[in-house]
Amino acid sequence: MKPDPMQKIVLVAGTRPNFVKVAPLWRAFSQRENVEVVLIHTGQHYDEAMSRVFFDDLGLPEPAFNLNAGGKSHARQTAAIMERFDEVMDQIRPDDVVVVGDVNSTLACSLVAVKRGIRTSHVEAGLRSFDRAMPEEINRLATDAIADLLFVSEPSGLKNLQREGVAEDKIHFVGNVMIDSLVYAQESIRTSRALESLRLKEREYVLMTLHRPSNVDDSVRLQQVMDWIMGLSLRIPVVLPLHPRTLSNLEKSGSDLVKMRSEYPNLKITAPRGYIDFQRLLKGARMVVTDSGGLQEETTWLGIPCVTLRENTERPVTIDQGTNFLAGSSLKEASGMVDRFLNGGMTINDKPDLWDGRAAERIAKIIVDGG
Ligand code: UD1
């Protein structure tokens with residue numbers, strides 16, 4: 001008997017949060033017989049601390065191709081990824097392309113794949129912030145409009161796609177692959193020495209991350225946020241691992257990080273952390289202040305209070321059922337929320353439906369077995 005032909009599946013990752021999302025998919029596809037998985041890194045994130053260390057921490061193999069298309073403006077970056085991904089598609093000729101999240105790499109590769117007639121799956125489909133000033137919202141809308149299979153992580157995603165008139169048979173509610181990674185890594189996270197290395201005590205610090213253009217691209221806004229963080233560090237240690245975009249904007253605006261560190265010894269500004277160490281910092285934090293999408297979900301799963309410095313969220317389940325609170329752009333509002341949690345205010349959370357560590361398995365079942 002002739003063996004079944006191999007199903008070739010290309011998995012695309014470009015940025016730090018993408019690596020976290022593709023790792024469980026990589027495992028789920030690799031475990032299948034008659035499936036060949038080809039991992040492609042677009043190179044959108046290229047710093048060692050934003051990329052290499054994540055491959056190591058998440059047990060991802062060396063990508064088969066690196067398109068080295070990082071840096072540059074959105075249009076140039078998207079165009080460079082498209083051009084190089086198209087060439088690689090000629091070589092691989094896959095049956096499926098799977099993209100995750102809402103970054104420029106997600107849109108660029110899905111456009112190329114769909115135009116080539118390759119079945120294209122979008123993991124984390126249907127999320128909407130309803131704010132078209134966010135580059136991610138454009139990436140989400142455009143990717144969902146063209147992809148063949150849409151894998152949804154929370155109920156709002158289903159509602160949004162239905163409202164947009166997407167055919168029911170394209171949509172699959174499967175849960176959250178980012179949480180798959182968190183569940184999988186629990187044992188390594190437990191043994192991480194991240195707290196000791198920064199001389200922090202369990203529940204006695206705030207973990208903060210900032211990288212959205214709305215908070216860090218305007219120098220006046222960035223300075224206001226930094227002043228607020230410095231003030232907060234007089235009350236409780238604050239850990240702030242700096243995203244390259246934030247670091248570069250601080251440097252451009254003439255901020256003196258050395259002086260900041262010496263005047264505010266409880267403000268621990270660090271390089272970006274690897275996945276395991278960051279998750280350890282998250283698990284031990286009293287609370288989180290962020291503008292990240294993924295952190296809103298991870299704090300909800302862990303039951304840690306999270307104040308989000310954004311006007312909106314595309315992940316409303318983290319508010320309805322989780323521990324997330326939107327402060328908008330008002331630092332006064334954020335201060336009130338932070339006070340409440342530092343003074344012992346509790347949050348009650350439910351783990352959202354299907355955030356159980358098995359989303360990638362469900363996706364593989366649909367893509368490989370057809371249901
Ligand atoms: C991107 C995503 C954002 C995601 C974030 C996670 C888009 C539109 N945005 O934002 O949704 O939340 O990743 O981190 O895709 N840079 C480096 N080293 C790196 C990566 C970037 O120095 O490893 C620099 C780039 O050269 C650029 C800036 O940081 O100047 C921004 O990088 P870019 O990938 O365009 O967007 P992010 O802000 O990282």
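Looking at Ala125, Ala185, Ala113, just one residue is more than 22 Å from Thr78 (Cβ to Cβ), modelled with pLDDT of 95 or more and crowded, with 20+ Cβ neighbours inside 10 Å, and that residue is Ala185. In region 208-236, the residue that is surrounded by the most Cβ atoms within 10 Å (Cβ to Cβ) out of those that are within 16 Å of the ligand (Cβ to nearest atom) and not in a helix (DSSP H, G or I) is Met208.
Number of residues in region 215-261 that are more than 23 Å from the chain's Cα centre (by Cα) and over 27 Å from Phe341 (Cα atoms): the value is 11. Screening region 25-52 for residues that are of a type in the set (Asp, Glu) and within 16 Å of the ligand (Cβ to nearest atom) and picking the one that is surrounded by the fewest Cβ atoms within 10 Å (Cβ to Cβ) gives Glu48. Per the conditions (1) within 9 Å of the ligand (Cβ to nearest atom); (2) more than 19 Å from Val100 (Cβ to Cβ), the sole criterion not satisfied by Asp90 is (1). Tell me, yes or no, whether region 252-274 has at least one residue that is surrounded by fewer than 16 Cβ atoms within 10 Å (Cβ to Cβ), in a helix (DSSP H, G or I) and at pLDDT 95 or above. Within region 252-274, one or more residues are surrounded by fewer than 16 Cβ atoms within 10 Å (Cβ to Cβ), in a helix (DSSP H, G or I) and at pLDDT 95 or above. Those helices (runs of 4 or more DSSP H) of region 290-355 in which at least 1 residues are open to solvent by less than 40 Å² (accessible area, probe 1.4 Å), within 20 Å of Phe130 (Cβ to Cβ) and among the hydrophobic types (A, V, I, L, M, F, W, C), considering only elements entirely within it, cover 317-320. Candidates are the residues of region 303-323 that are within 16 Å of the chain's Cα centre (by Cα) and without any contact (Cβ under 8 Å) to a residue 60 or more places away in the chain; the one that is nearest to Gly126 (Cα to Cα) is Thr318. Any residue in region 243-251 that is at pLDDT 95 or above and not in a helix (DSSP H, G or I)? Taking every residue of region 243-251 in turn, at least one turns out to be at pLDDT 95 or above and not in a helix (DSSP H, G or I). Give the residue, chosen from Gly101, Gly126, that is at positive phi, within 12 Å of the ligand (Cβ to nearest atom) and assigned by TED's automatic domain parsing to the domain that holds Asn34. When all the criteria are applied, what remains is Gly101. For Asp180, state whether it is assigned to a helix (DSSP H, G or I), at pLDDT 95 or above and within 20 Å of the chain's Cα centre (by Cα). Yes; evaluated as a whole, the condition is true for this residue. Taking Ile363, is it outside any loop (DSSP other than H, G, I, E, B) and within 25 Å of Val99 (Cβ to Cβ)? Yes, satisfied.
Within region 53-67, being buried (at least 18 other Cβ atoms within 10 Å of the Cβ) and in contact (Cβ under 8 Å) with a residue 60 or more places away in the chain holds for Val53, Phe54, Asp57, Leu58.
The values are calculated or read from the model by the stated rules, or taken from the named source; none is laboratory data. Please read all numbers here as calculations on a predicted model, not as lab measurements. Ideal geometry is used to build each Cβ from the backbone, glycine not excepted, and the neighbour counts take in all protein chains shown. We work out accessible area using only protein heavy atoms, side chains counted, and drop any ligands, DNA or RNA first. Shrake-Rupley method; radii C 1.70, N 1.55, O 1.52, S 1.80 Å.
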